[in-house]
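Notes follow once the structure below has been shown.
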Amino acid sequence: MRIAWITDPHLNHCALAAWDRLISQVLQCQCDAVILSGDISEGEDVVFQLRRLADAIGLPIHFVLGNHDFYHSSIERTRDAIRKAVAEHPLLNYLTDSAPVSIGGVALIGVDGWGDATVGDYQRSTVRLNDFRLIDDFFLASPSLWKSILRDLGQCSARRLESLLLSANELHKRLLVVTHVPPFRQACWYQGKTTDDNWAPFFVSGQCGDALIDFAQSKPDSTIDVLCGHTHSGGIAKMRDNLIITTAGADYGSPKVAAVIVISDGQVTMEKAAC
Ligand SMILES: [Fe+2]
Ligand SMILES: [Fe+2]
C-alpha cells in the first residue's frame, strides 16, 4: 500500500500549471490513496478543491483541515460543509470525523489540531495571525477571549485524539496520526530551527502533544508516527522510542507530494517523493 502525502497545498494560490504538475506527480507515485494534512484552500473553495482533487486522481483522500481552511467562515459552518461534501463523495474521508481506518495492519487516524496557546509566551507574543481577522470565531469575539478560544480548540482536538488513539490501538499496534499543527515545539520547524516563544503559541498544538506523550508512555508496545504541516518547513522529531513526528515543508503556489508512505505488514516507511 502506497500513500502520497501532501500538506499545505493552499490550492487557492495555485495556477493551472502548478495544479497539473501536482496531479501528474500524484499519479506517477502509483499510490493507492492520498493523505492531506490541512490548509487545502480557504472558505467555500475547500469543498470545491477537495472534489476537484478526488475527481482528478480517482483515489481515496484522507484529510484533516488546517487553520486556512476555516477562513471567511466559522469553524462549525466549515466543518458542516465538509461533512456534507464527504457524505456526497465516496473518495473523501475527513479523518477528524472518521473512525480509525485499517490499512495493511496500520490504523490511520487524524484530528485538525490547533496552535493552542499552551506552549511559548502568549502574553508577550507580538504575533497576530490572519486567523484572528478571517475566522468568525475570533473576529466576532473580543481579543481578550482569543487565548481561551485557542485553548478550547486545542482541548477539543486533544480529547478527540485521545479517544481515536484508544480505538485505533484496539485495531493495530502501529498507528499513523495525521494532524495539521505540530504537536510539539521540537516538531515545529522553521528554516532548520524549532520555534521560539513568540511563535509557539500559534504553531504548537500542545494539548495534542500531551495526549500523544501520555499514550506513547502508557502503550510501550504500540508505535505512533505523526504527520503534520502548518509551518511550511520540514523536520523530524523523535519524542519517544515509539513516537516520531514528521513535519513536511510546503511552498505557496507550488503544491507537491511531500513523501510517499509505504505500508506493508503492519510497518510504516517513508520514501522521499521521487515521483
Ligand atoms: Fe499552510
Ligand atoms: Fe496552517
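The values are calculated or read from the model by the stated rules, or taken from the named source; none is laboratory data. For clarity, every value in this text was computed on a predicted model and none was experimentally measured. Don't worry about glycine lacking a Cβ; one is built from the backbone with ideal geometry, like all the others, and counts go over all protein chains shown.
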| remark: Contact list, first residue from region 86-108 and under 17 Å from Thr179 (Cα atoms), second anywhere and in a loop (DSSP other than H, G, I, E, B) and among the hydrophobic types (A, V, I, L, M, F, W, C), beta-carbon distance below 9 Å, six or more apart or interchain, is Tyr94/Leu65; Leu95/Val111; Thr96/Leu65; Thr96/Val111; Val106/Met1
| said: Phe63 - would you say it is within 16 Å of ligand 1 (Cβ to nearest atom), out of contact with any helix residue (DSSP H, G or I) (no Cβ under 6 Å at 6 or more places or on another chain) and within 22 Å of Thr231 (Cα to Cα)? | reply: yes
| Filtered residue count, region 58-87, keeping only those that are buried (at least 18 other Cβ atoms within 10 Å of the Cβ) and over 29 Å from Cys29 (Cα atoms) | 6
| said: Name the residue that is farthest from Asp137 (Cα to Cα), counting only residues in region 58-78 that are in contact with a strand residue (DSSP E or B) (Cβ under 9 Å, 6 or more places away or on another chain) and more than 16 Å from ligand 2 (Cβ to nearest atom). | reply: Leu59
| remark: Filtering region 8-56 for residues that are surrounded by fewer than 16 Cβ atoms within 10 Å (Cβ to Cβ) and among the small types (Gly, Ala, Ser) leaves a count of 4
| request: Could you pull out every one of the helices (runs of 4 or more DSSP H) wholly within region 122-239 that has 2 or more residues that are surrounded by 17 or more Cβ atoms within 10 Å (Cβ to Cβ), at positive phi and in contact with a Ser or Thr (Cβ under 6 Å, 6 or more places away or on another chain)? | output: none
| said: List the residue pairs whose Cβ atoms are under 6 Å apart, where the first residue sits in region 160-171 and is over 12 Å from Ile224 (Cβ atoms) and modelled with pLDDT of 95 or more, the second is buried (at least 20 other Cβ atoms within 10 Å of the Cβ) and not aliphatic (A, V, I, L, M), and the two are 6 or more positions apart or on different chains. | reply: Ser167/Pro100; Leu171/Pro100
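Could you pull out the residue among Leu171, Leu212, Leu176 that is touching a helix residue (DSSP H, G or I) at 6+ places or on another chain (Cβ under 8 Å) and closer than 22 Å to Val268 by Cβ?
Going through Leu171, Leu212, Leu176 in turn, the sole match is Leu212.
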| query | Which residues, counting only those in region 35-57, are within 16 Å of ligand 2 (Cβ to nearest atom) and over 13 Å from Tyr94 (Cβ atoms)? | reply | Asp39, Ser41, Glu42, Gly43, Asp45, Gln49
| request: Go over the candidates Ala85, Ala81 one by one and state the one that is in a helix (DSSP H, G or I), touching a strand residue (DSSP E or B) at 6+ places or on another chain (Cβ under 7 Å) and modelled with pLDDT of 95 or more. | output: Ala85
| Just one of the numbered conditions (1) within 16 Å of ligand 1 (Cβ to nearest atom); (2) at pLDDT 95 or above is not true of Ala237; which one? | (1)
